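The next block holds one structure in the form of structure tokens; read it before the comments.
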Amino acid sequence: MRPKHWVKNVFVIAPLLFSGRYFELDSDLRTAVAFVVFCLVASATYAMNDIFDVESDRAHPTKSTSRPIAAGTVSIKGAWRLFGFLIAAAAALLFLFPALVPVVAAYLLLQVAYNLYLKRQPVIEFFAVALGFVLRVYAGAFSIEVPVSKWMFVTTFSLALFLASVKRFQELKNRGDNSRKVLAFYSVAFTQRVAEISGTLAVVFYSFFTIAARPAFIYTIPVVVFGLIRYWYVAEQNSAGESPTDLLLRDKQLLLAGALLVFMVAWSLLTNVQG
């Protein structure tokens, strides 16, 4: 189920935070449900991914022992049962909050397409991963019935593209093209350029967002820039082949930057409302 990867679902919370509706109990509850739904659905897709990739995982130096199916500790039939249980649990919650159904269905279809085809297509797989993060933001927006601004859309997409390209950079740097088939089409230099472009776009779009729509957030820009640079630094310095999620959860400076960003955004909205 990879619970560590649930940290990716914090993107669901972004609309609640940036809309300033975090003092509304109903909005908080709806966002929490959306977060839980995406945790369930994401874990279901991880189980599906391990089923489809069992042969390649068995040949991998670390996945052969860390992935339960490849390691032989969980059967394929057991993994399918887990998949069905998680989808059923998510469906039960969606029955109570039907507004989330379209975006969750789109996410599931994307993940099926990714596992069956898209993840082996160079460049396209970058965009498929980024779209998954964008759908998380839309889930958060749908849950509290607020629109996703064009700035949040392009900023989220660029940031997700940055995260995906840094992960590929790290995989190539540490393992070569043995980690996944699509890496045979990439070079370290190429993934580095994609990371540089997407990271720059994320900063530019976020800066435009603060200047045009939320001037009170202007002082959060240095925190965002620090977070991206620190993330790149930690990923490049790492040589153990850990996932970016593990790096994020273990790096105190990144965690502090994330907490500071949330505090600054919440404080800016609160003081503006009071003013």
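Here are some notes:
- Estimated vicinal HN-Hα couplings, Hz - the stretch 47-54 in sequence order (Karplus 6.51, -1.76, 1.60; Gly, Pro = x): 4, 4, 4, 5, 5, 5, 9, 4
- Tilt relative to the chain, helix 76-96 - C-alpha long axis, 0 to 90 degrees, to 10: 20
- Whole-percent P(r), the stretch 1-148, all Cα pairs, 5 Å bins from 0: 2, 10, 18, 20, 19, 14, 9, 5, 3, 1, 0.
- Here residue 150 and residue 175 are evaluated by their C-beta separation; at R0 = 35 Å the FRET efficiency comes out at 0.40.
- Crossing angle, helix 221-237 versus the chain [Cα axis fit, 0-90 degrees, rounded to tens]: 20
- With the charge dipole of the chain set up from +1 on Lys and Arg Cβ and -1 on Asp and Glu Cβ about the Cα centre, the Cα lying farthest toward the positive end among the listed residues 174, 91, 228 is that of 174.
- Across the stretch 93-147, the convex hull enclosing all Cα atoms gives 66 Å³ per residue.
- The convex hull drawn around the Cα atoms of the chain, when projected onto a plane and averaged over every direction, covers 14.1 nm².
- Taken over the chain, lysine pairs spaced eight or more positions apart, or on distinct chains, with alpha carbons under 18 Å apart number 13.
- Furthest towards positive pole of dipole, 11, 80, 271, structure part the chain, Cβ charges: 80
- Counting only alpha carbon atoms, the long axis of helix 252-274 and the longest principal axis of the chain meet at about 30°.
- Peptides 43-53, 202-212, ordered by how many other C-beta atoms sit within 10 Å of their residues on average, highest first, read 43-53, 202-212.
- Only Lys, Arg (+1) and Asp, Glu (-1) charged, at Cβ; the chain dipole about Cα centre in debye: 420
- Total charge dipole magnitude, the stretch 1-148, about the Cα centre, Cβ charges on Lys, Arg, Asp, Glu only, Debye to nearest 20: 400
- Karplus (6.51, -1.76, 1.60) ³J(HN,Hα), θ = phi - 60°, over the stretch 162-167, in Hz, Gly and Pro reported as x: 4, 4, 5, 6, 5, 4
- Charge dipole magnitude, Cβ of K and R +1, D and E -1 - the stretch 149-275, Cα centre, debye nearest 20: 160
- Mean residue ellipticity at 222 nm, helices only, the chain: -24500 deg cm²/dmol; runs of at least 4 DSSP H residues each add -39,500 (n - 2.57), and the sum is divided by the number of residues.
- Rh (Kirkwood; distinct C-alpha pairs) - the stretch 149-275, Å: 15.7
We did not get these values from a lab; they are worked out from the coordinates using the rules stated. The model shown is predicted, which means the values in this text are computed figures rather than measured ones. Heads up, the Cβs are rebuilt from the backbone with ideal geometry, glycines too, and the neighbour counts pull from every protein chain shown.
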